[in-house]
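Participant: Below you will find the structure I want to go over with you.
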Amino acid sequence: MLNSNEVKRIALEVGFDDCGIARADALTDEEYPLRQWLARGWHGDLQYMERNIEKRMDPRLLLPDAHSIICLVSAYGPPDTDRNDGVAAYAQHREYHAELKQMLFELRERLGIEAKACVDTVPISDKHWAARAGLGWIGRHTLLVTPRWGSWVNLGELVTTMECDCYDSPLPSGCTDCNLCVEACPNGAIDTDMPMINATRCTAYYTTHNPRPMPPGLDSRGYTQGCDICQLACPYNK
């Protein structure tokens, strides 16, 4: 049995900035509207999102007999305003994949548990599990918004077969009637009714990973890798 206080204490010692623990029950379509997003075709040519849909929703298919998900936050801060190379904040600070994975391995070893370490490349929705674990809520721009660091965070998880003595509860959304990120997007990529982005209208879709030519009529606002426009508009990121 995991002791939640002990897990969180060790997570901070390892170097994470926050930790929450969620029960490894499948996400609902309301929590994670993945199927609706795919049905709209808003994933564009990101065919990998069409694979492993059930695993993305249910971690018990990722790790048989999974009972808990230890969700970790590593804050990285806003973009460097002195730079003018069009690189978004997440890519300015560090190569987080390798660093977070090593931190997850250390946490797993110190806890002495069987667990699968997840950082981006595993078919699991980091931000929705972080929301389930009470670390923040899903903003209108579809990113996790934390009360302390806004959305300037990287996420990772340990999916484990261990049960926990106490699970965290989701936070209420702090977005209420705010539409600043929706209004700030120059390409109208953010849905007005629910947290969902039309990737084919999002600058980051064209400037991240496998760059694509940006169609006429869309505005990159000078970004060459990623895009921070919706995050810069968010009051929690001030």
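The values are calculated or read from the model by the stated rules, or taken from the named source; none is laboratory data. Please read these numbers as outputs of a predicted model, since none were measured by experiment. When we count neighbours, we look across all protein chains shown, and the Cβ atoms used for this are built from the backbone with ideal geometry, even at glycine. These area figures cover heavy atoms from the full protein model, side chains too; ligands, DNA and RNA do not enter into them. Shrake-Rupley method; radii C 1.70, N 1.55, O 1.52, S 1.80 Å.
Participant: With viscosity set to 0.692 mPa s and temperature to 37 °C, compute the Stokes-Einstein D of the stretch 71-205, Rh being the Kirkwood radius across alpha carbon pairs; µm²/s, no decimals.
Facilitator: Numbers: Rh = 16.5 Å.
Answer, rounded: 199 µm²/s.
Participant: A further question follows. With a 1.4 Å probe and all protein chains left in place, how much of the accessible area of the stretch 1-96 comes from carbon and sulfur atoms, in whole percent?
Facilitator: 46
Participant: Using just the C-alpha positions of the stretch 169-238 as equal point scatterers, what log10 of I(q)/I(0) does the Debye formula give at each q in 0.28 1/Å?
Facilitator: -1.35
Participant: Could you put K238, K116 in order of accessible surface area, largest first, with the 1.4 Å probe and the full protein assembly present? Don't skip to the end; give the middle numbers.
Facilitator: Numbers: K238 175, K116 75 Å².
These residues rank, largest area first, as K238, K116.
Participant: Next question, about the same structure. Per q in 0.09, 0.10 Å⁻¹, report the Debye log10 I(q)/I(0) for the chain, using one uniform scatterer on each alpha carbon and no solvent.
Facilitator: These q points yield log10 I(q)/I(0) values of -0.38, -0.47.
Participant: Sticking with this one: Which cysteines does the chain leave without a neighbouring Cys Cβ under 4.7 Å?
Facilitator: By the Cβ distance rule, which asks for a partner under 4.7 Å, the isolated cysteines are C19, C71, C118, C164, C166, C175, C178, C185, C202, C227, C234.
Participant: Taking only Cα atoms, what is the 0 to 90° angle, nearest 10, from helix 96-111's long axis to the longest principal axis of the chain?
Facilitator: For 96-111 against the chain, the angle is about 10 degrees.
Participant: Holding the Cα-Cα limit at 18 Å, pick out from K8/K55; K55/K127; K8/K238 the pairs that are longer than that.
Facilitator: Details: K8/K55 26 Å; K55/K127 15 Å; K8/K238 27 Å.
From the list (K8/K55; K55/K127; K8/K238), the Cα-Cα distance tops 18 Å for K8/K55; K8/K238.
Participant: Quick one: putting +1 on the C-beta of Lys and Arg, -1 on the C-beta of Asp and Glu, what dipole do you get for the chain around its Cα centre, in Debye to the nearest 20? Walk me through the intermediate numbers first.
Facilitator: Values: 23 positive and 33 negative charges, 64 e Å.
Taking the Cα centre of the chain as origin, the dipole is about 300 debye.
Participant: Counting each DSSP H run of 4 or more residues in the chain as -39500 (n - 2.57), what helix-only mean residue ellipticity at 222 nm follows after dividing by all residues, to the nearest 500 deg cm²/dmol?
Facilitator: On the way: 9 runs with 66 residues, N = 238.
Per the formula, -7000 deg cm²/dmol.
Participant: So what is log10(I(q)/I(0)) for the stretch 86-147 at q = 0.30 1/Å, when the Debye sum runs over its Cα atoms only?
Facilitator: For the stretch 86-147 at q = 0.30 Å⁻¹, log10 I(q)/I(0) is -1.18.
Participant: Next question, about the same structure. Among L232, L143, L63, L12, what's the order by accessible area (1.4 angstrom probe), most exposed first? Walk me through the numbers on the way to the answer.
Facilitator: Working: L232 80, L143 55, L63 25, L12 100 Å².
Heavy-atom accessible area, descending, gives L12, L232, L143, L63.
Participant: Taking the alpha-carbon distance from K116 and a cut-off under 15 Å, which aspartates and glutamates remain once sequence neighbours fewer than 8 residues away in the same chain are dropped?
Facilitator: The reachable aspartates and glutamates, counting only those whose Cα sits under 15 Å from K116, are D58, D65, E106, D126, E157, E163.
Participant: Could I ask something else about it? D for the stretch 61-122, whole µm²/s, Stokes-Einstein with Kirkwood Rh over alpha-carbon pairs at 10 °C and 1.306 mPa s: what number? Before the final figure, lay out the partial values.
Facilitator: Numbers: Rh = 14.0 Å.
Rounded to a whole number, D works out at 113 µm²/s.
Participant: Over the chain, average the accessible area per residue using a 1.4 Å probe and give it in Å², no decimals.
Facilitator: On the way: 11510 Å² over 238 residues.
Counting only protein heavy atoms, the per-residue value for the chain is 48 Å².
Participant: If you bin every alpha carbon distance in the stretch 1-86 into 5 Å steps from zero, what whole percent lands in each bin?
Facilitator: Values per bin, smallest distances first: 3, 11, 15, 13, 14, 17, 13, 9, 4, 1.
Participant: When the Kirkwood hydrodynamic radius is evaluated over all pairs of different C-alpha atoms of the stretch 135-177, what value in angstrom, to one decimal, is obtained?
Facilitator: Working: mean 1/r = 0.0819 Å⁻¹.
The answer is 12.2 Å.
Participant: Follow-up. Using the alpha-carbon centroid of each, what span in Å lies between the stretch 13-53 and the stretch 172-229?
Facilitator: 18
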